[in-house]
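In what follows, a structure is listed as structure tokens, so that the remarks can point back to it.
The values are calculated or read from the model by the stated rules, or taken from the named source; none is laboratory data. This one's a predicted model, so the numbers in the text were calculated from it and none came from an experiment. Note that we place each Cβ from the backbone using ideal geometry, even for glycine, and neighbour counts take in every protein chain shown. The area values use the complete protein model at the heavy-atom level, side chains included, leaving out ligands, DNA and RNA. Shrake-Rupley method; radii C 1.70, N 1.55, O 1.52, S 1.80 Å.
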Amino acid sequence: MQQLYDVFFASSNKNKYQEARAILAEFGIKLGFFNCKLLEIQSDSIRKIALHKVTDAFSQCKKPVIVEDDGLFIDSLSGFPGPFSSYVFKTIGNKGILQLVNTKRNANFQSVIAYCDKKQVALFDAKIKGKISKKTHGKGWGYDPIFIPHGQKMTYALLKNKNEISHRYLALRKFAMWFVRKQQSIYR
Ligand code: IMP
């Protein structure tokens with residue numbers, strides 16, 4: 001019997017999953033949703049956080065699984081909120097970020113995709129440069145209404161092609177190319 005999913009996405013964030021599913025579908029990878037709460041360590045490295053999360057995810061899911069950890073890094077704030085992006089979003093939100101940023105608005109969004117199955121763990125990371133807008137534009141989730149990727153005039157929230165250029169897309173593309181090759185070598 002053909003299996004329903006190739007790999008699971010462990011998260012409680014449905015927005016991330018929906019974007020990841022659409023992106024991986026372009027590479028022929030069927031992504032299931034494993035809705036769960038994961039242990040998140042405190043660290044200044046989103047790679048370390050992702051690594052920790054994926055081992056926890058695999059111990060719960062027991063199937064090939066990926067997790068994602070992201071951070072919005074603002075240059076003039078020495079990379080803040082970075083690994084604390086989730087907490088900062090929940091506390092001061094986009095309004096608070098806009099109050100902290102003044103003339104220097106350069107920032108970058110980073111994503112780490114971590115994969116785990118019973119034999120191996122692998123990490124794939126990506127970064128997209130951009131700017132923080134002067135006010136919120138659009139109604140997307142998280143920091144979408146305030147992040148303008150480099151080379152674009154609009155925030156993630158207003159871009160129709162976010163999934164073709166985003167930090168998530170760039171990290172998932174690396175993962176997808178690796179995963180497809182791995183599957184091919186198994187079935188060869
Ligand atoms: P975490 O990886 O779940 O810790 O996410 C870090 C923070 O960045 C969360 O507040 C997310 O909402 C936010 N975030 C991650 N990716 C995106 C995105 O593509 N758009 C907007 N916000 C994002």
*Identify the single condition in (1) among the hydroxyl-bearing types (Ser, Thr, Tyr); (2) within 12 Å of the ligand (Cβ to nearest atom); (3) out of contact with any His (no Cβ under 7 Å at 6 or more places or on another chain); (4) within 30 Å of Val7 (Cβ to Cβ) that Tyr115 does not satisfy, given that it satisfies every other one.*
(2)
*State whether one or more residues within the range 175-187 are of a type outside the set (Phe, Trp, Tyr) and either part of a loop (DSSP other than H, G, I, E, B) or within 15 Å of the ligand (Cβ to nearest atom) (or both).*
no
_Segments classed as helices (runs of 4 or more DSSP H), wholly inside the range 1-104, with at least 3 members that are within 13 Å of the ligand (Cβ to nearest atom), open to solvent by less than 20 Å² (accessible area, probe 1.4 Å) and β-branched (Val, Ile, Thr)_ = 46-61
*Please give the number of the condition Lys131 fails out of (1) farther than 14 Å from Leu77 by Cβ; (2) in a strand (DSSP E or B); (3) basic (Lys, Arg); (4) more than 14 Å from the ligand (Cβ to nearest atom).*
(1)
*If you go through the range 138-170, how many residues are over 20 Å from Pro81 (Cα atoms) and of a type outside the set (S, T, N, Q)?*
13
*Identify all residues within the range 159-175 that are in contact with a strand residue (DSSP E or B) (Cβ under 9 Å, 6 or more places away or on another chain) and open to solvent by less than 80 Å² (accessible area, probe 1.4 Å); write none if there are none.*
Leu159, Lys162, Ile165, Ser166, His167, Arg168, Tyr169, Leu170, Ala171, Leu172, Phe175
*asked:* So the check is Cβ under 7 Å with 6+ separation or different chains; which pairs have a first residue in the range 145-167 that's in contact (Cβ under 8 Å) with a residue 12 or more places away in the chain and part of a loop (DSSP other than H, G, I, E, B) and a second one that's open to solvent by less than 30 Å² (accessible area, probe 1.4 Å) and of a type in the set (Phe, Trp, Tyr)?
replied: Thr155/Phe147; Ser166/Tyr156
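Which is more than 14 Å from the chain's Cα centre (by Cα), touching a residue at least 12 places away in the same chain (Cβ under 8 Å) and within 26 Å of Phe80 (Cα to Cα), of Lys53, Lys16, Lys63, Lys37?
On the way: Lys53 fails: more than 14 Å from the chain's Cα centre (by Cα); Lys16 fails: more than 14 Å from the chain's Cα centre (by Cα); Lys63 fails: within 26 Å of Phe80 (Cα to Cα).
Residue meeting the stated conditions: Lys37.
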_Against the conditions (1) more than 25 Å from Leu38 (Cα to Cα); (2) in a loop (DSSP other than H, G, I, E, B), where does Lys119 fall short? Just the number, please._
(1)
